[in-house]
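Working notes, beginning with the structure itself.
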Ligand SMILES: Cc1ncc(C[n+]2csc(CCOP(=O)(O)OP(=O)(O)O)c2C)c(N)n1
């Protein structure tokens, strides 16, 4: 595999650009997508960079096809990416569920814009937090990460690929229009400093391969097409052999296992950032670009002598229940700031289990939540 | 008689299959596997992709790499496989509803790209899996569960659609003419570019019984009696061709193939040209 040139010089990068750099560093060599603001730069840059590395880019006829194409490519052993925004993310849902159920690694980027429907194409929102969790039908696990800086976008894109390979599951990288379009000076790590995880391959002779064999672990080794394993994949309920089944015990075991593999891995998947929460009497919960305003609000409030701290989930799904619970048991009030009408506030309320009162600062008009708005709420609840 | 070798491509442990008595899908699958055998391609490099429907169950009975995807989406999944790994041979098996209703957009775009994939449509002119609703191939005036007073829409001619969209090998066969389908599959697999075979199948359960053809045999006799070879059809007046199905190799042409074109993109990006 061709290595990307070592980069040590600081560069001015856009969030969407950092995502592309991260994907390439992680070993992504296939991209299929359909243009949509505010994610299009990712497709454009992949179209430019992938062929230089011998990788492939294709602009498909729609987002349904893009999602299908990256699953197909991944089945040949090639790490694959697609990127979109609200309307396109809606279209990807059926095949996203397919990837989850058939356990095919891939990464889907959703640079959020204001919905519902066409909404506001060029304005930021965080309205897809629940769609990411429950957008496709049926019980399925989800891993979703959400950076709030350009540098972190690079890192989390690499992590998204690593997690998808390790757990054989689609991973969603959430951004918002601000994270996707803002430019920051970043120094990217050299390729050799980046940890790369590749899916486990079969270790048994070809004739003995069971694609969904869970006897040696919750994540079965994955063959690639074209290697002689006669690998059969179906979105129907399937048994260890990968064949359709209607046996209740096989179906129950499969659906529970795909949840369990993520649940058992929770410790490695779930990450949060804490800012001044040790002695906090008031907590703020914010993520993505809103967390930037929240961090500023926390510092402003601290300068006014208010003991407030910020909990920023980096992993959105699985939800960081423990971190929320711990903070909730320490603070008098927990303020959730988000660019939606309380999607994560509901989760925070659930995880807090009544340990504290939850307050919200919500916006859905395509405008960023300002530090002042959050500060005002902090001062209100003191 | 030569030894039967194509059976090795069957997952016999998966038998019996789900298809009804008299259904044409098994006949066409047999024809496909004979065609695969005749093509002498390396089976470990062949991937079969399908959507959802009775026909799309076919890869589940085949001992090759197989991908049973979502309804209508076999072609974009197959596109990902072929573009990522052009050295693999990719075949799509699809129903008429799967390919031309929900998957219609993917069909025309895959054909337009002239991507090197072979598509075989198991065309029974009805939605079999969901028990007999009309498809884009249901003939006018036919009865279907969702056309209880007779169907008012005009059906597609899938071959003309494929040609219009840019396919470079286009053929039609029937379950009755299974030997023809075998030869078409062999030619399609060897053809560089988008190859499409409209394989007319029969669904006595959900189409025949409602449309005065009670058995698979009756429906296959109708295939025999209405089929006209494309060469003979060329010499027949239009009025005589009404109600006939034209079989044979309908269109063969050469055009640049997608993955070869993309290799040129790679060469350009890497400064080799
Ligand atoms: C998104 C979606 N919509 C609807 C269905 C239900 N469905 C399953 S198969 C099918 C039609 C199958 O007909 P066809 O493609 O002609 O294949 P056949 O069963 O006749 O071989 C439909 C509508 C589905 N599985 N997924």
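The values are calculated or read from the model by the stated rules, or taken from the named source; none is laboratory data. Everything numeric in this text was worked out from a predicted model, so none of it was measured. Every residue, glycine among them, receives a Cβ derived from its backbone with ideal geometry; neighbour counts consider all protein chains shown.
Would you confirm, using the coordinates I've provided, whether residue B:72 is on the phi > 0 side of the Ramachandran plot, within 12 Å of the ligand (Cβ to nearest atom) and crowded, with 24+ Cβ neighbours inside 10 Å?
On the way: on the phi > 0 side of the Ramachandran plot: yes; within 12 Å of the ligand (Cβ to nearest atom): yes; crowded, with 24+ Cβ neighbours inside 10 Å: yes.
Yes: the conditions hold for residue B:72.
Mind telling me which of the residues B:116, B:96 ends up being surrounded by fewer than 24 Cβ atoms within 10 Å (Cβ to Cβ) and more than 8 Å from chain A (Cβ to nearest Cβ)? Lay out the reasoning, then the answer.
Numbers: B:96 fails: surrounded by fewer than 24 Cβ atoms within 10 Å (Cβ to Cβ).
Step by step, each of B:116, B:96 is checked, and only B:116 is surrounded by fewer than 24 Cβ atoms within 10 Å (Cβ to Cβ) and more than 8 Å from chain A (Cβ to nearest Cβ).
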Would the stretch B:255-262 turn up any residue that is under 22 Å from the mean Cα position of the chain (by Cα) and within 18 Å of residue B:123 (Cβ to Cβ)? no
Considering only strands (runs of 3 or more DSSP E) fully contained in the stretch A:257-365, which possess at least 2 residues that are over 28 Å from residue A:160 (Cβ atoms)? A:333-338, A:357-362
Can you tell me how many residues within the stretch B:51-74 are more than 8 Å from every other protein chain (Cβ to nearest Cβ), over 16 Å from the mean Cα position of the chain (by Cα) and more than 19 Å from residue B:27 (Cα to Cα)? 0
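Identify all residues within the stretch B:126-137 that are more than 14 Å from every other protein chain (Cβ to nearest Cβ) and either surrounded by fewer than 21 Cβ atoms within 10 Å (Cβ to Cβ) or more than 8 Å from the ligand (Cβ to nearest atom) (or both); write none if there are none.
Step one: list which residues in the stretch B:126-137 are more than 14 Å from every other protein chain (Cβ to nearest Cβ), which gives B:126-128, B:130-137.
Once the filter is applied, which keeps residues that are more than 14 Å from every other protein chain (Cβ to nearest Cβ) and either surrounded by fewer than 21 Cβ atoms within 10 Å (Cβ to Cβ) or more than 8 Å from the ligand (Cβ to nearest atom) (or both), the stretch B:126-137 yields B:130, B:131, B:132, B:133, B:134, B:136.
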Determine if the stretch B:40-50 includes at least one residue that is modelled with pLDDT of 95 or more, buried (at least 17 other Cβ atoms within 10 Å of the Cβ), closer than 25 Å to residue A:137 by Cβ and more than 14 Å from chain A (Cβ to nearest Cβ). no
Before we move on, is residue A:114 within 14 Å of chain B (Cβ to nearest Cβ) and crowded, with 24+ Cβ neighbours inside 10 Å? no
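Which one of A:100, A:85, A:90 is buried (at least 24 other Cβ atoms within 10 Å of the Cβ) and more than 11 Å from chain B (Cβ to nearest Cβ)?
Numbers: A:100 fails: buried (at least 24 other Cβ atoms within 10 Å of the Cβ); A:90 fails: buried (at least 24 other Cβ atoms within 10 Å of the Cβ).
Exactly one of A:100, A:85, A:90 is buried (at least 24 other Cβ atoms within 10 Å of the Cβ) and more than 11 Å from chain B (Cβ to nearest Cβ), namely A:85.
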All but one of (1) assigned to a loop (DSSP other than H, G, I, E, B); (2) out of contact with any helix residue (DSSP H, G or I) (no Cβ under 6 Å at 6 or more places or on another chain) hold for residue A:252, so report the exception by its number. (1)
Among the residues that make up the stretch B:41-62, is at least one of them closer than 26 Å to residue A:51 by Cβ and out of contact with any strand residue (DSSP E or B) (no Cβ under 7 Å at 6 or more places or on another chain)? no
Helices (runs of 4 or more DSSP H) wholly inside the stretch B:201-265 that include at least 1 residues being surrounded by 14 or more Cβ atoms within 10 Å (Cβ to Cβ) and touching a residue at least 60 places away in the same chain (Cβ under 8 Å): B:216-226
Hits in the stretch A:230-252 (condition: over 21 Å from residue A:94 (Cα atoms) and in contact with a strand residue (DSSP E or B) (Cβ under 7 Å, 6 or more places away or on another chain)): A:230, A:231
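Suppose we keep only residues that are more than 7 Å from chain A (Cβ to nearest Cβ) and crowded, with 24+ Cβ neighbours inside 10 Å within the stretch B:75-88. Which one would you say is farthest from residue B:112 (Cα to Cα)? Walk me through it before giving the result.
Taking the stretch B:75-88 as the starting set, the residues that turn out to be more than 7 Å from chain A (Cβ to nearest Cβ) are B:75, B:82, B:86-87.
Okay, now just the ones that are also crowded, with 24+ Cβ neighbours inside 10 Å, so B:75, B:82.
Values: B:75: 12, B:82: 15 Å.
Filtering first and then ranking leaves B:82.
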Residue among A:70, A:42, A:24 that is touching a residue at least 12 places away in the same chain (Cβ under 8 Å) and within 8 Å of another protein chain (Cβ to nearest Cβ): A:70
Taking the stated definitions as given, is residue B:170 modelled with pLDDT of 95 or more and away from the ligand (no atom under 16 Å from the Cβ)? yes
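Looking at B:53, B:60, which one is modelled with pLDDT of 95 or more, surrounded by fewer than 24 Cβ atoms within 10 Å (Cβ to Cβ) and closer than 24 Å to residue B:21 by Cα? Even if it seems obvious, please write down each step before you answer.
Details: B:53 fails: surrounded by fewer than 24 Cβ atoms within 10 Å (Cβ to Cβ).
It is B:60.
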What's the number of the only condition in (1) assigned to a helix (DSSP H, G or I); (2) in contact with a strand residue (DSSP E or B) (Cβ under 9 Å, 6 or more places away or on another chain); (3) surrounded by 14 or more Cβ atoms within 10 Å (Cβ to Cβ) that residue B:198 fails to meet? (1)
Need the failing condition index for residue A:196 against (1) surrounded by fewer than 19 Cβ atoms within 10 Å (Cβ to Cβ); (2) touching a strand residue (DSSP E or B) at 6+ places or on another chain (Cβ under 8 Å); (3) outside any strand (DSSP E or B), just the number. (2)
Just the residues that are farther than 22 Å from residue B:82 by Cβ and within 14 Å of the ligand (Cβ to nearest atom), please, taken from the stretch B:143-164. B:144, B:145, B:146, B:155, B:156
Looking at the stretch A:296-318, which of its residues are under 26 Å from residue A:111 (Cβ atoms) and surrounded by fewer than 21 Cβ atoms within 10 Å (Cβ to Cβ)? A:296, A:314, A:318
Residue list for the stretch B:80-125, restricted to those being within 11 Å of the ligand (Cβ to nearest atom) and in contact with a strand residue (DSSP E or B) (Cβ under 6 Å, 6 or more places away or on another chain): B:93, B:94, B:95, B:96, B:97, B:99, B:121, B:122, B:123
Can you give me the ranges of the helices (runs of 4 or more DSSP H) entirely in the stretch A:1-92 with at least 3 residues that are more than 22 Å from residue B:73 (Cα to Cα)? A:15-26, A:40-49
